[in-house]
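The values are calculated or read from the model by the stated rules, or taken from the named source; none is laboratory data. Not measured: the values here are computed from a predicted model. Positions of Cβ are generated from backbone atoms using ideal geometry, with glycine treated the same way; all protein chains shown enter the neighbour counts. Ligands, DNA and RNA are stripped out before the accessible areas are found, and what is left, the full protein with its side chains, is counted by its heavy atoms. Shrake-Rupley method; radii C 1.70, N 1.55, O 1.52, S 1.80 Å.
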Amino acid sequence: MRKKIVAGNWKMNCLLEEGQKLTSEIVNMIKDEPIKDVQVILNPPFVHLHGVKKLIAGVDNIYLGAQNCSDQNSGAYTGETSAAMLTSFGAEFVIIGHSERRAMFNESNELLTEKTKQALSNNLTPIFCCGEPLEIREAGTHEAYVTKQLTESLFGFSEEEVKKLVIAYEPIWAIGTGKTASSDQAQEMHSAIRQHLSSKYGKTVAERISILYGGSCKPDNAKEIFSKADVDGGLIGGASLKSRDFVDIAKSF
Ligand code: PEP
């Protein structure tokens, strides 16, 4: 059985008190309405990691993640945060290769391999993002585009390493736009991703990797999207900043 996961990506949102309030609300809702068999992951900005960790301590099924990590171990890299630091703050997951980082910070497939290495060697589960821009979708070459991202970043890893990954398929045209991929479009791509992983690592490995959908996922569309065979949950941006919406999405399986 693959893990079902709902991960919230806060992006660069929430002042101190806002982040604490959001986390406390989510924690209280999950205590009152336990969500079985779903891993709920909060990925706040780095400065919130310590505070969020304290607030989620002891609550079943809630985990801490970060939104990025350095490709380097440690040293003179001003402004960077290493994977080892994230682990020491209690993070268990890290988002790698979000399309905003690829686009705004020029993160290449090669750099993302290095970040994934750092994550894996520091016991963090990478939530590795892939996804195509609108013009690629319109040209009909989205499957080739996304599988190339995965090949270039991930296919140097061993079977043991790849098994530890979570993949997030996030069509860029659906992120923060209110325009969701249809459940059929999501399923088609998730299935293509799984087949691609299978072609390199075999069916057993591919079948155990959770593949999340991301892109304007909301309480009113999550159930339909999560009902698809190869969709194992969601990476949630905007709706993860609203406690009720986020928890409702996590209850949508
Ligand atoms: C994201 O940025 O990962 C995301 C899916 O954002 P949104 O849910 O706001 O589209």
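Results, tabulated for the structure shown:
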{"read-out": "Pairs, first open to solvent by 40 Å² or more (accessible area, probe 1.4 Å) in the stretch 101-113, second not in a helix (DSSP H, G or I), C-beta under 7 Å, six or more apart", "value": "ARG101/ASN68; ARG101/GLU107; LEU111/ASP71"}
{"read-out": "Set ALA181, ALA186: member being in contact with a Pro (Cβ under 6 Å, 6 or more places away or on another chain), buried (at least 22 other Cβ atoms within 10 Å of the Cβ) and among the hydrophobic types (A, V, I, L, M, F, W, C)", "value": "ALA181"}
{"read-out": "Some residue of the stretch 197-209 being in contact with a Gly (Cβ under 8 Å, 6 or more places away or on another chain) and open to solvent by less than 40 Å² (accessible area, probe 1.4 Å)", "value": "no"}
{"read-out": "Residues of the stretch 194-238 that turn out to be assigned to a helix (DSSP H, G or I) and either over 27 Å from PRO44 (Cα atoms) or within 15 Å of the ligand (Cβ to nearest atom) (or both), as a count", "value": "20"}
{"read-out": "For GLU160: the one exception among (1) closer than 21 Å to LYS117 by Cβ; (2) surrounded by 14 or more Cβ atoms within 10 Å (Cβ to Cβ)", "value": "(2)"}
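Matching residues to (1) more than 16 Å from the ligand (Cβ to nearest atom); (2) crowded, with 21+ Cβ neighbours inside 10 Å; (3) of a type in the set (S, T, N, Q):
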residue	(1), (2), (3)
GLN118	yes, yes, yes
PRO133	no, no, no
ALA139	yes, no, no
SER153	yes, yes, yes
ILE167	no, yes, no
GLU170	no, yes, no
